[in-house]
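Laboratory data are not the source of any read-out in this text; all were calculated from the coordinates shown. Because the structure is predicted, anything quoted here is derived from the model rather than measured. Cβ sites come from the backbone with ideal geometry, for glycine too, and all protein chains shown count toward neighbours.
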Amino acid sequence: MPKVNYYPPADRVFSMPVYVRGIGVGHQQEPVCRERGNMAIELHYTVAGCGVLEYEGRRQLLPAGTMFYSPLSVPHSFYAAPGGWTVDWVLVGLSEETLPLLPFGGEFLIFQPRAEVQTTERFDAMYRLMTSGSEQNRVRAAAKLYDLLCELAVDLERAVEKRGDGSRLLMQTAVDFVERSFGGQLTLAMICEACGGISEQYLCRLFRRHTGLRPTEYITRRRLEYARSLLAHTSLPVTEVAAQSGFDSASYFHRQWKRFEAMTPSEYRRTHTGLFT
């Protein structure tokens, strides 16, 4: 008898730091489209056949032995390649305190777990415990999920490092473009185009990961840094300083300036002129 996907009732187990929100084993995967992404982290493992994962304009094949890690709220879709696709999957429930501790980040990761992890055996064990009807066994399944995450940590971190090499180069491209362009009109679409046509959502995650800031915030801070230099080293009127720093208007410049400085631009000029010469 084929096994059905299982979603447990919300009970005390859901208060654990890590728990199983849903699980399926030996599942013949149907097409799935998540326009708003997933509300829970998911691990999806190809047991047999091959699947196709699409996200952020990318299309990735998922042959047997491949797992993908799906972060929160990233639009994506997946479906079987010709010949069918058999999968094991689990939705990972995490407390608010546990989520920031995950080293896996907010990007899709595709990797092959080591053979010694015994991925299918672990999924089978979790499934048996989850479908036993016992809350105590669901606690045991949560413990086994935690063990699986620990075992996968090495593989996931390798995938992060592999992605990281590419993302660092992409981030450098974005920063270089901002550096050349912040003095004029600069939109996220323009930066995305300079980076090879990546999505704005991916660009935002890229900046968050490498700088801790949204792209717009990074640009604003860079423009303000340049404005400070102009104020200290030139006699340009404040309106011209704002324009050369890339701000659309003097009023917008003043609003952004007040977010970071206790004194006015004119006061800053008086106190900083000549300090850096």
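Rounded to the nearest 500, the 222 nm mean residue ellipticity of the chain from helices alone is -14500 deg cm²/dmol, with -39,500 (n - 2.57) taken per DSSP H run of at least 4 residues.
For Gly22, nonlocal amide neighbours, meaning residues 5 or more places apart or on other chains whose placed amide H falls under 5 Å from its own, are Leu91.
The phi torsions of region 31-38, fed into the Karplus equation with coefficients 6.51, -1.76 and 1.60 and a -60° offset, translate into couplings of x, 10, 10, 10, 5, 10, x, 9 Hz, rounded to whole numbers, with Gly and Pro shown as x.
Across region 197-211, coupling constants 3J(HN,Hα) worked out from phi with the 6.51/-1.76/1.60 Karplus curve, θ = phi - 60°, read x, 5, 7, 5, 5, 5, 4, 4, 5, 4, 5, 4, 5, 9, 10 Hz, and Gly and Pro carry x.
Under 5 Å between amide hydrogens, built in the peptide plane, is the criterion, and for Gly51 it picks out Leu62, Ala81 among residues at least 5 positions away or on other chains.
For the pair Ser15 and Arg221, the difference between a 0.36 nm per residue extended length and the Cα-Cα distance amounts to 70.1 nm. Here Met126, Met171, Met39 are placed in order of increasing Cβ neighbour count within 10 Å, fewest first, which gives Met39, Met171, Met126. Considering only Leu206, Leu230, Leu170, the Gaussian network model of the chain with Cα springs below 10 Å gives its largest mean-square fluctuation to Leu230.
Taking Cα atoms only, the orientation of helix 119-130 departs from the longest principal axis of the chain by about 70 degrees.
Averaging over every viewing direction, what projected area does the convex hull of the Cα atoms of the chain cover, in nm²?
On the way: hull surface 73.8 nm².
The orientation-averaged projected area of the Cα hull of the chain comes to 18.4 nm².
Put simply, the amide H of Ile41, placed in the peptide plane, has neighbours under 5 Å in Val92, leaving out anything fewer than 5 places away on its chain.
Residue-wise HN-Hα couplings along region 224-234, as the Karplus relation 6.51 cos²θ - 1.76 cosθ + 1.60 with θ = phi - 60° gives them from phi, are 5, 4, 5, 4, 4, 5, 5, 5, 7, 10, 10 Hz; Gly and Pro carry x. Between Ser95 and Arg208, how high is the FRET efficiency from 1/(1 + (r/R0)^6) when r is the Cβ-Cβ distance and R₀ = 25 Å? Nearest 0.05. My answer for the efficiency is 0.70.
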